[in-house]
1. Per residue of the protein assembly as shown, what 222 nm ellipticity follows from adding -39500 (n - 2.57) for every DSSP H run with n ≥ 4, rounded to the nearest 500?
2. So for each of B:302-312, B:119-129 I average, over its residues, the number of other beta carbons within 10 Å; can you give me the resulting order with the highest mean first?
3. Work out, step by step, the length gained on full extension between residue B:323 and residue B:146: first 0.36 nm times the residue separation, then minus their alpha carbon distance; give nm to one decimal.
4. State the three equivalent ellipsoid semi-axes of region C:95-139, derived from the C-alpha gyration tensor as the square roots of 5 times its eigenvalues, in descending order and whole Å.
5. Grab the alpha carbons of region C:100-193, take their convex hull, and tell me the volume per residue in Å³.
6. Output the 0 to 90 degree angle, nearest 10, between the alpha-carbon long axis of helix C:224-246 and the longest principal axis computed from the alpha carbons of chain C.
7. If you project the alpha carbons of region A:182-324 onto the principal axes, what extent comes out on each, in Å, largest first?
8. Would you mind checking the radius of gyration and Dmax of the protein assembly as shown based on alpha-carbon positions, in Å?
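Bear in mind these aren't lab numbers, they're just calculated from the coordinates by the rules spelled out. Just so it is clear, the model here is predicted, and its values are computed rather than measured. Here the Cβ is made from the backbone with ideal geometry for all residues, glycine too, and neighbour counts use every protein chain on show.
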C-alpha cells in the first residue's frame, strides 16, 4: 500500500467570474522511503499539489474533487485539529525561503524545542538534547552554541538546515520539500540536496520534492512526475524520464535545458508559453505548442498510457504503440 | 587570449577595478563607541577585457561582486579605483555632454523582469524612451516605425505596444527589456542574470534570441550568471569571481575542461549531473563568509581542500598558467601533482 | 473607441465597482456623501433663506424651534438661531464651506507632502535629514495647535477687514500645513523602495537626468497609496476646520461653517434651544463618518493581502 495516494485530485479557485481549475484530475503515489520529484514550470501547479497534500491550501482555493490518502486513510477532509496533528508528526515540510520559514523573534533552539515538544512526548531537557542532536545531524557546525542563535545570525544555507531539522524533528513518514534549494547558491544547493538524500535514507522517510530544476531531480529523485498547466503529463523512474522522455512537453523541456557538456549552437526551444489558468485550451493543454499534434488532441484530453517504464498522457504515444 | 599590453584593441578593457562601500555604523554611534570605519570591498582589484562581438561570462555565487561589476561598467556606480575603458574611452565620460554618444553604445538588461519595466508606463513609451532621450528619432511617425521594428525583433507584436507590463509573462517582459536596450543601437550589452528568473523553456527562447542578436548586430556581451550550464552555452570566455576578487579567467573550453582554481572546480562539481552518470560527487565545503573583513591571504582559503600555510598569509596574484589566468599559489597544469610540488618548494 | 454606454458598462462591471456594490455599509456611506455634496453644491438654489446676508435677517424671528414643534414656522424648517438665521439654510451653506475647505486643504497638503517626501527620499543625505527633521519636529505638536498658531499669526498680521475676506484661505493654509507630514513620510518610504528598482536603474543607464527620472518614473509609482490616505484625511480636515471655527478662530460668523454653527448652538444647548446645536452636529458626524467608511473600503480594496 502506498504511503501517499493522491486520486483524481482537482483544486479550483472561486472568483466572482467563475471557477478556475488550477489542478485538473491528477493522480500520483509515493511509496514509503522513496523520493518522488514533481517537476514543472511556474504555473504548472506543483506547489499547489504539495499545499493540497499537507492541507495548507489558501482560500479561495479548495479541493473540488478527488481524494488524498495517507497511510490508507483520507486526509483531505480532516478537521483542522487532526490535520494539525498530522502535520509535523507524520508529514514534515520544507519550503523555499528559509528566512521567512523561521520566526525571527525566537532562537532556533527555542523553535526546535517547541516543535519537538508539540509532537513528541518529551520534557524540556530531553527536548533540548534532541534539538542539538538534530542540529548536528543536519550538519550545523558548533550545534551546541548555535542552539541559541537567531535566524538572522545564520547564513541562508544554515537556515535551510535548521528548517530541515524542524521538518524531521518528529521523524515524519513523509517530507514535503517545496523548492528547498532555489534560493540558495549552487554550492550550498549541492550540500543541501545531499543532506536531504542522506536523511531520507537514514530515517526511512519518503520525500515529495517539488522543483522546477531537472538537475535537482536527477540528483535526488527515484521517480518523477512532470506537470503542465495543472495536469500530469508524464510519470516514471527518473532515469527513464530524463534519458527517454516520451511526452512532447518533456522532450521539449529536456532539450531546452543547457548542459555543461553540450555543444549545441542553438538550444531547442518550445515556442509559446504555458497557458494561464483562465485560458487552458480544450483537449490536451499542450496542443498549441506541440510538434506532434493530431486532430484528436484538440478535442479530447488524452488518457494515460504505459510506454516502457513510464506513464504518459498523450495521444501520440498511444498511436506509436498501436503502430508498434 | 589577451595580454596585459593588449588592452587597447579590445572593445571593453577593465583594469584594477575596485569598489568599496562604506558600511560603517552611523557617525554618532562610531563616535560614542569608538568603533572604526568599516569598508566592504565589493569588488577588489578585478581586471578583464572583452573582444568585440564576443561574450565574456562573469560567474560566481552571491556576494562575489559580479552584479557590482555590471553596474560599474554601465556607470551606475563610481569605481573607487581602477580604469574602465569601453571602445577606447574611459567610462567616466558618460556623465558629460560629450559622452552622450558613448552612453548610447552601452546598455543593460536586468535580472528581475517584474521590476525592470515601469508598471505605469505603456510598452510603447518604455521602448521609445531611450530613443527620445538621445533624440534619435523625430516625429510620431518615425517613433512608431522604429518601435514597431524593435518589438518585432524580439518576437512580440505591435498590438502589444499599447499594453502595460503586468499583462505580460516574465519571458515576454524580458523581451521588452531587450527591445528597450536595443533602441539606441548599442554595441555593448551588460546582461545581469537575464534568465535566472525565468522558466527553463522560456530561458531557452531568450538565450537563443540573444545569440541571434549578437550574430546579426555584432553585439559584445558581458553576461553575468551563477548558472554554469547557461554560461557554457553563451560564453566565449569566462571569468570566475569569488568574494570580490577574480580567481580564474580563460576561454570557455579551458574553464570547463581543465579548471585550475579550486573554487572553479568546486563550482563545476556542484552542478547537478543530468547525465546521471552515477559519478560520486564531493559536496563542497563550508559557505561564503561575510566580506566585511577581507582576509590577508586568499579569500577562498577557508574552504579550500588544498590550502597550505602560504594561502592564509599571502594573497595570490593572477598569473598565467597555459591558457588560463588563475589566482592561486598552487595551481599548475598537472593539478594532481600540485601539493607535491608545493611541498618541494614552487 | 468605446461608446459612453460601453464605458459605463465596463466601469459597473469592474472589480472596484463590484467590491463597492458588495458592501452595503460602504454603499450607504457613498450615498450619504453624494447627497451631502449635492445639497451643498445646490445650496444657493435649495436654501429658502440666505444666512450670510445680515441685512435679510429678521431679529424677531430668532430662536424659533423647528417647524413641527410648538411655535415653529414652516419657512424656518429646522428653526432659527439667536440672530434669526434659518438653521436649515445655514446647514446647507455650512456643509458647502466645510467640504470645500476640507477637500482643498487635503489637496494642498498632498501637494506639499508628496513633493517634499519625493525629494527627501530620492536625494537622501542631508536634504533627507533636514526635511525629515522638520517633519519630526512638527509631528510633536498636535495639528490643532499648529493650525491655531498659523491662524493666530494671520489674524494679527493682517487687518481685520482683510482677514474676513480671506479667512477661507487662512483656514485652508492652516490645515494643510499641519497635515503634510503624513504624506511626506509615506511617499518618502515608497520612494526609497522604488528608487532601487531596476526600471529606475534602467532609466539612469539610458542617461535620463536624475530629476527627470524622479518625476517621470518614481512619482507615478508612489502616489497610489497616498490617495487612500487623502480620503481618510478629508474627514480629519473637516474636523479640524470645525474645531477651529468652534473655537472662534476659523470661519467668521458672517459665513458660518458647520463648526461655527455648533459653536453658536453650544451656548444655547442647556437653555433649551437644542436645535441650533443638534442638527449641524448630526450633519457633521454623518459627513465625517461617510468619508471615513469610504476611506476604509478604499484602503481594504487596495490591500493586496486581503485579495
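1. Values: 39 runs with 454 residues, N = 977.
Computed mean residue ellipticity for the protein assembly as shown: -14500 deg cm²/dmol.
2. B:119-129, B:302-312
3. On the way: separation 177, 0.36 × 177 = 63.72 nm, distance 4.38 nm.
That pair, residue B:323 and residue B:146, stretches by 59.3 nm at full extension.
4. Values: eigenvalues 162, 25, 4 Å².
The equivalent ellipsoid of region C:95-139 has semi-axes of 28, 11, 4 Å.
5. Numbers: hull volume 8.4 nm³, N = 94.
In region C:100-193, the Cα convex hull volume per residue is 90 Å³.
6. Approximately 30 degrees, to the nearest 10.
7. Per principal axis, max minus min of the Cα coordinates gives 48, 37, 35 Å.
8. Radius of gyration, then largest Cα-Cα span, for the protein assembly as shown: 34.7, 120 Å.
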